[in-house]
Amino acid sequence: MKVFIILFFIILNFSFASSDKIGTYERLGNSVPMDLIFTNEKGETKSLGEFMAGKPTIISLNYFSCPGICGPQIDGIVSSLNKIQLVEGKDYKALTISFDSNDTAKTAYESKKNHLRVMRSDFNQEAWNFLIPKDKATIDALAASLGFEYEKIINKQGFVDYIHPAGLAILSPSGRITRYLNGIQYLHFDVKMALLEAMEEKVRPTISKALAFCFSFNPENSKYVLATNKIFATIMIIVIGSLFIYLFITGKKRNKGDTL
């Protein structure tokens, strides 16, 4: 019995030790700095507040040369906004913001053109801007206010990349964080409700947090893969925990039988 208890806590400790700082640490109810300066895909420079234009806003932090989940995530936003039944530019805005200092207005333009080509024909593309920050301090300030933790890496081939989480932050017109939507695919109903709630400054908790736990970046091949060590540790915790409970119950029954 003691052996199983010790093993249980060893694996429990391994599971938590294997996690790292990278991820989304929610700042629900907090406000982002609205005076941060960004440049859009047209080369226009404005503050974050000006780009939001007093509308509930979808924020995604990505970078435009990302070989992993950024592309599928932006495509997930496209898929949702194609079905959302809200008027873009009037009911909401969307901002995809790069945290890579190598991105330019040109790469922002190319990324927007590539991803939005499958938007419905009547979609107002002026309502969704692809932005680059004024400088590193600007994106650091925004990332910190959103609780978005990422890390720059250089793999063995000298390729610069980033480890980062995937998800959306929904801001109210005043810049208050009212909701997070995790993952790379979003139900259009969830996005619509999040925007309607943001319009009324209503803060709502996040339901799903699975992606940040199940996926991690593999710097060897620059791809996001299942974090099998974390999943395995979790399964082992469940199995050993169940075995511990079983042995505890059967042990009590055995002791009770011996007493009789």
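Tabulated values for the structure
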{"quantity": "Per-selection metrics, the stretch 23-146 (Cα): Rg and Dmax in Å", "calculated": "13.7, 37"}
{"quantity": "Whole-number Å³ per residue for the convex hull built on Cα positions in the stretch 76-191", "calculated": "128"}
{"quantity": "FRET E, pair Lys152, Leu243, Förster distance 30 Å, beta-carbon r, rounded to 0.05", "calculated": "0.10"}
{"quantity": "For the stretch 20-226, the fraction of alpha-carbon pairs in successive 5 Å shells from zero, as %", "calculated": "1, 8, 17, 21, 22, 18, 9, 3, 1, 0"}
{"quantity": "Separation of the Asn102 and Ile37 label points, Cα + 7 Å toward Cβ, nm", "calculated": "2.5"}
{"quantity": "The stretch 20-226: relative contact order as a whole-number percent, Cα under 8 Å and 6+ apart", "calculated": "30"}
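Laboratory data are not the source of any read-out in this text; all were calculated from the coordinates shown. Quick caveat, the model's predicted, so the values are computed rather than measured. Backbone-built Cβ (ideal geometry, glycine too); neighbour counts: all protein chains shown.
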